[in-house]
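Each value in this text was obtained by applying a stated rule to the coordinates, not by laboratory testing. Note that the coordinates shown come from a computational prediction; the quantities given were computed from them, not determined experimentally. A quick note on method: Cβ atoms are made from the backbone with ideal geometry, for glycine too, and the neighbour counts reach across all protein chains shown.
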Amino acid sequence: MRKRTETKKVWVKDLQVGGQDKVIIQTMTTHPTKAIEKIVEEIHTLATHGAQLVRLAILDTEDAMAIKTIKSLTQVLLVADIHFDYKLALLAIENGIDKIRINPGNIGHKEHVKQVVNACKKHGVPIRIGVNLGSLEKDLLKTYGRTAKAMVESAKRHVQILEDEGFEDIIISLKASDVKLTIEAYLLAAETFKYPLHIGITEAGPTYAGIIASSAGLGTLLYHGIGDTLRISLSGPRTEELKACKTLLSQFGLYARPKLIACPTCARLSYDMAPIVKKVEAYLENHPTQITVAVMGCAVNGPGEARDADIGIAGGMREGLIFIQGKIVKKVPQEHLYDALIEAIENHNK
Ligand code: SF4
């Protein structure tokens, strides 16, 4: 894995984005922001599942005004997603939002941009510029086509507007649903900008396809040391988004969570392994340590194949094996295999 690219530190209240090895996990709510009770409940669920920043769609004045009450009911850091309307941005900032996502080039009048920037400066609110392939400026499309270059040039324009106002608390995203194009855009952006990058594949699709597309795209970027915050956007449950974020980051050592190794099984499988994998996965989901656990199908190859695991089990005909770092340490009756594994994990953590 390449060294992480150096980016400017930007603060969302006390949360550092950029200039570090950590990648911040984000997601977005589904309820209307003005539905305060539901939205607060949703925010808490998302935070419980690992969201560090939660984005709210701000469609009108009522949404923007609701931020004040929402902020009084939650400690979770919130981002206001605003299209075009500088008045909504001002209102969101006045009502205590922690970060806004707005493209300054879409605000229009220079004076209005100035007002938003001044409010952000006063309240310590950073701005995320979000370039989307689907809404690129016509002249850029004409000159560069639907390319990474066009996306980065678009971001440059928005950045310039903010820099001209002396504002540098900027985070940038460049999203497309095309994985290859997204990778190219972020590689170019990492060479071009000093600002932190929020990475994501937009409209990645339903859960299964979306996780694959996002893992391919964002995994490549993370391998190149790119990405300061990320979202995996799925047309599916938000909790799956967050689980996918944590799992992806953990593959690159960027998130501390337990790892579950499980063999694909074959004709040598000696017990009903699938339910145990499911149970162990659920047990590890909220487990606080970085332990690697293996669930393997047979005693012949299992322990050897799972050599890197801290603790594991391998099924036998009547008895299963408990192994530690690939070495068999104990035999237990098959029906006690799961309990014995959990006991071994608990003991490992003492
Ligand atoms: S561990 Fe055993 S059951 Fe699992 S894939 Fe390998 S040989 Fe097959």
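Looking at the calculated P(r) for segment 53-130, what percent of the C-alpha pair distances fall above 17 Å?
Numbers: 1048 of 3003 pairs.
Looking at segment 53-130, the distances longer than 17 Å represent 35 percent of pairs.
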> Going by how many other beta carbons lie within 10 Å of each one, how would you line up H112, H336, H198, H49, fewest first?
Replying inline: H336, H112, H49, H198
> Which whole-number percent of Cα pairs in the chain have a distance greater than 35 Å?
Replying inline: 32
> Tilt of helix 337-348 relative to the longest C-alpha principal axis of the chain, in degrees (0 to 90, nearest 10)?
Replying inline: 60
> Gaussian network model of the chain, Cα springs within a sub-10 Å range: biggest mean-square fluctuation belongs to which of G19, G210, G108?
Replying inline: G108
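Could you please report the charge total around I25, scoring K, R as +1 and D, E as -1 over all other residues with beta-carbon less than 10 angstrom from its beta-carbon? Intermediate values should be presented prior to the final figure.
On the way: positive: K22, R231, K246; negative: E241.
Taking every Cβ under 10 Å from that of I25, the sum is +2.
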>> Which of C266, C120, C245 ends up with the largest GNM mean-square fluctuation for the chain, with Cα atoms connected below 10 Å?
In response: C266
>> Could you work out how much longer the chain between H123 and E335 gets when fully extended? Use 0.36 nm per residue separation minus the Cα distance between them, nm to one decimal.
In response: 70.4 nm
> When you take every Cα atom in segment 259-348, what is the radius of gyration, and what is Dmax, the widest Cα pair distance, in Å?
Replying inline: 11.4, 35
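Would you mind getting me the FRET efficiency between E285 and M317? Use the beta-carbon distance for r and R0 = 35 Å, nearest 0.05.
Using R0 = 35 Å, I get an efficiency of 0.70.
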>> Using a Gaussian network model on the chain with a 10 Å cutoff between Cα atoms, which of D308, D63, D339 fluctuates the most?
In response: D339
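If R0 is 22 Å, what FRET efficiency do you get for E6 and K149 from their C-beta distance, rounded to 0.05? Let's see the in-between values first.
Details: r = 23 Å, r/R0 = 1.03.
Approximately 0.45, to the nearest 0.05.
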